Amino acid sequence: MPTYPKPTQEQLVVTRLGEARLVSPLPLSTTPGDNIGDFVDDDLRALYNPRIMLGEKPSDLCFELAGARREIFFTPQDTTAAIVTCGGLCPGLNNVIRSLVLELLMNYGIRNVLGIRYGYHGLNPNVGRPPFELTKELVDEIHHKGGTILGTSRGPQEHKESVDFLVDRGVNILFCVGGDGTQRGAHQIASEIARRKLPISVIGIPKTIDNDIKYCYRTFGFATAVSEAEKVIDRAHVEAKSVLNGVGLVKLMGRHAGFITAAATLASGEANFALIPEVPMQLHGEHGLLAALDRRLKAREHAVVVIAEGAGQHWLDECPDEFDASGNLLLRDVGPFLAHAIKDYSNKVGNPANVKYFDPSYHIRSVHADATDSLLCERLARAAAHAGMAGKTDMLVGLWHNQLIDVPLAVSCDAKKQLSPEGELWMALQALTRQEKWYSGV
Ligand SMILES: Nc1ncnc2c1ncn2[C@@H]1O[C@H](COP(=O)(O)OP(=O)(O)OP(=O)(O)O)[C@@H](O)[C@H]1O
Ligand SMILES: O=P(O)(O)OC[C@H]1O[C@](O)(CO)[C@@H](O)[C@@H]1O
Ligand SMILES: [Mg+2]
């Protein structure tokens with residue numbers, strides 16, 4: 001259940017640089033049933049809402065389906081692509097780079113692929129390092145490594161200079177791999193390209209362990225981050241259970257979305273409380289977290305609490321907002337604050353807790369992609385390559401009910417996705433932890 005308003009059909013129309021007239025070099029077919037993979041018809045659509053109420057007319061609101069087109073826009077041997085990775089690290093960045101390079105060079109046979117260094121800074125010759133050529137040999141084994149071989153960055157970018165750079169370097173397709181900020185930046189670059197009426201395609205590939213990008217049910221990196229977080233919760237449980245009144249407290253990444261916290265809590269099955277930014281909870285008072293935790297300790301003599309970094313911000317003292325280089329609000333550190341609050345309260349009520357605090361923050365995102373994410377990276381990257389070669393632009397590749405879709409950047413990056421407190425994930429978490437019971441004291 002999305003937490004954002006339904007788009008209009010007009011908002012879901014993807015921009016094209018012009019008519020795609022060239023026959024694709026991919027060895028695909030247009031005949032179903034011939035045991036050869038098929039091109040995707042440009043008129044094929046994925047329904048926005050796959051649920052229907054019996055007796056009601058289904059809505060025909062739909063996304064453009066991603067995939068290889070029979071007609072392409074760019075002449076492969078004259079085409080240069082460039083790849084840039086921006087924002088925080090995320091498992092799978094190297095997988096995406098590798099799959100893009102292999103699809104573009106080996107299957108489409110384009111001229112070359114440039115690797116842009118250290119995020120959007122690399123598109124500004126006055127600030128960034130020069131790009132380097134990505135060859136098949138260079139990317140051969142990179143998918144086994146965490147991080148990004150291109151480097152990444154946060155901080156503002158001058159989109160006019162970025163477009164000058166693309167023109168100077170003869171780049172025809174730019175692939176922007178990153179989170180919501182990166183996709184906003186990609187949209188600005190595409191808008192400047194459109195203003196100058198240039199035939200340059202800009203394609204986004206959504207990356208973030210936070211899983212907060214609209215029209216992408218699951219971003220790559222999320223599954224790996226959840227697997228890593230799950231291990232930490234399990235260890236926090238071991239620590240908590242080994243001492244009297246042990247409390248394993250785990251703080252996980254997730255600025256504005258609690259997807260990592262909720263999914264890792266469910267996967268682990270060992271946490272008793274999960275706190276996310278979307279569901280603000282009281283700390284003090286009869287129905288606050290501290291009293292609830294005390295009830296749990298009295299009943300079971302150990303507890304595990306998982307908190308997303310963006311949760312409980314309202315518990316901390318007001319102080320002037322600070323921002324990172326990209327303008328993202330810097331969160332105050334709720335983990336140590338909560339550890340102290342639990343210790344103080346438990347001492348005060350005469351039932352001292354033995355708090356073991358875990359902060360695995362960067363650990364969960366700097367690892368290499370697991371098999372689930374590697375597969376998703378492969379799918380997203382190849383779909384992005386197809387979209388670029390077909391001359392689509394100002395769009396990102398999304399994942400909607402397990403179908404890859406092409407989504408205009410303007411409609412994807414106008415807001416972040418958050419976890420719905422009415423959705424299945426949060427309901428499952430309530431059913432598993434039964435944390436409400438401790439809060440209500442019944
Ligand atoms: N509002 C914006 N408008 C245009 N460009 C932006 C905007 N926000 C960020 N960018 C560009 O995108 C880059 C990456 O943004 P940011 O640091 O917010 O990471 P992100 O892509 O959101 O990834 P993460 O998920 O790690 O936060 C920045 O360096 C900046 O150039
Ligand atoms: O410290 P950095 O590298 O700026 O990134 C931290 C942020 O990046 C993310 O991993 C992705 O947005 C967030 O969960 C986290 O708050
Ligand atoms: Mg972001």
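Just a few scattered comments:
- Test: residue in segment 106-117 that is within 16 Å of ligand 1 (Cβ to nearest atom) and surrounded by fewer than 22 Cβ atoms within 10 Å (Cβ to Cβ): yes
- Residue check, GLU301 among the acidic types (Asp, Glu) and touching a Gly at 6+ places or on another chain (Cβ under 9 Å): yes
- Failed item in (1) surrounded by fewer than 21 Cβ atoms within 10 Å (Cβ to Cβ); (2) farther than 27 Å from ALA383 by Cα; (3) within 16 Å of ligand 3 (Cβ to nearest atom), with ARG184 passing the rest: (2)
- Long-range neighbours under 6 Å by Cβ, at least six apart or interchain, first residue β-branched (Val, Ile, Thr) within segment 33-49, second in a strand (DSSP E or B): ILE36/SER29; VAL40/LEU65
- Of the candidates GLY248, GLY254, GLY185, the single residue that is within 12 Å of ligand 1 (Cβ to nearest atom), in the same structural domain as LEU330 (by TED's automatic domain parsing) and either free of Cβ contacts under 8 Å to residues at least 24 places away in the same chain or in contact with a helix residue (DSSP H, G or I) (Cβ under 7 Å, 6 or more places away or on another chain) (or both) is GLY254.
- Qualifying residue in segment 189-200 (condition: closer than 30 Å to THR3 by Cβ and either in contact with a Gly (Cβ under 8 Å, 6 or more places away or on another chain) or of a type in the set (Asp, Glu) (or both)): no
- In the condition set (1) touching a Gly at 6+ places or on another chain (Cβ under 8 Å); (2) outside any helix (DSSP H, G or I), THR261 is compliant with all but (2).
- Screening segment 365-442 for helices (runs of 4 or more DSSP H) wholly inside it with 3 or more residues that are surrounded by fewer than 24 Cβ atoms within 10 Å (Cβ to Cβ) and either under 15 Å from the mean Cα position of the chain (by Cα) or more than 16 Å from ligand 3 (Cβ to nearest atom) (or both) returns the ranges 371-389, 424-433, 435-440.
- All conditions in (1) at pLDDT 95 or above; (2) within 16 Å of ligand 3 (Cβ to nearest atom) hold for SER326, with the sole exception of (1).
- Some residue of segment 347-361 being in contact (Cβ under 8 Å) with a residue 60 or more places away in the chain, closer than 16 Å to TRP438 by Cβ and in contact with a strand residue (DSSP E or B) (Cβ under 8 Å, 6 or more places away or on another chain): yes
- Residue in segment 143-166 that is part of a strand (DSSP E or B), under 29 Å from TYR215 (Cα atoms) and touching a Lys or Arg at 6+ places or on another chain (Cβ under 6 Å) present: no
- One residue alone among GLU301, GLU318, GLU278 is modelled with pLDDT under 95 and among the acidic types (Asp, Glu), and that residue is GLU318.
- Residue match in segment 141-154 (condition: farther than 30 Å from LEU330 by Cα, surrounded by fewer than 24 Cβ atoms within 10 Å (Cβ to Cβ), among the aliphatic types (A, V, I, L, M) and in contact with a helix residue (DSSP H, G or I) (Cβ under 8 Å, 6 or more places away or on another chain)): yes
- Condition check for VAL167: closer than 24 Å to LEU17 by Cα, within 15 Å of ligand 3 (Cβ to nearest atom), out of contact with any Phe, Trp or Tyr (no Cβ under 7 Å at 6 or more places or on another chain) and touching a residue at least 12 places away in the same chain (Cβ under 8 Å): no
- In the set (1) surrounded by 24 or more Cβ atoms within 10 Å (Cβ to Cβ); (2) touching a Phe, Trp or Tyr at 6+ places or on another chain (Cβ under 9 Å); (3) closer than 15 Å to GLY398 by Cα, ILE233 fails one condition alone, (3).
- For segment 334-346, the condition of being away from ligand 1 (no atom under 16 Å from the Cβ) and part of a loop (DSSP other than H, G, I, E, B) holds for none of the residues.
- Flag for ASP164 being under 16 Å from the mean Cα position of the chain (by Cα) and either crowded, with 22+ Cβ neighbours inside 10 Å or more than 25 Å from GLU103 (Cα to Cα) (or both): no
A quick yes/no check of all residues on (1) within 30 Å of the chain's Cα centre (by Cα); (2) within 25 Å of SER162 (Cα to Cα); (3) surrounded by fewer than 21 Cβ atoms within 10 Å (Cβ to Cβ); (4) at pLDDT below 95:
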position: THR3; (1), (2), (3), (4): yes, no, yes, yes
position: THR8; (1), (2), (3), (4): yes, no, yes, no
position: LEU26; (1), (2), (3), (4): yes, no, yes, no
position: PRO32; (1), (2), (3), (4): no, no, yes, yes
position: ASP38; (1), (2), (3), (4): yes, no, yes, no
position: SER59; (1), (2), (3), (4): yes, no, yes, yes
position: CYS62; (1), (2), (3), (4): yes, no, yes, no
position: ALA81; (1), (2), (3), (4): yes, yes, no, no
position: GLY87; (1), (2), (3), (4): yes, yes, no, no
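The values are calculated or read from the model by the stated rules, or taken from the named source; none is laboratory data. These figures come from a predicted structure and were not determined experimentally. Heads up, the Cβs are rebuilt from the backbone with ideal geometry, glycines too, and the neighbour counts pull from every protein chain shown.
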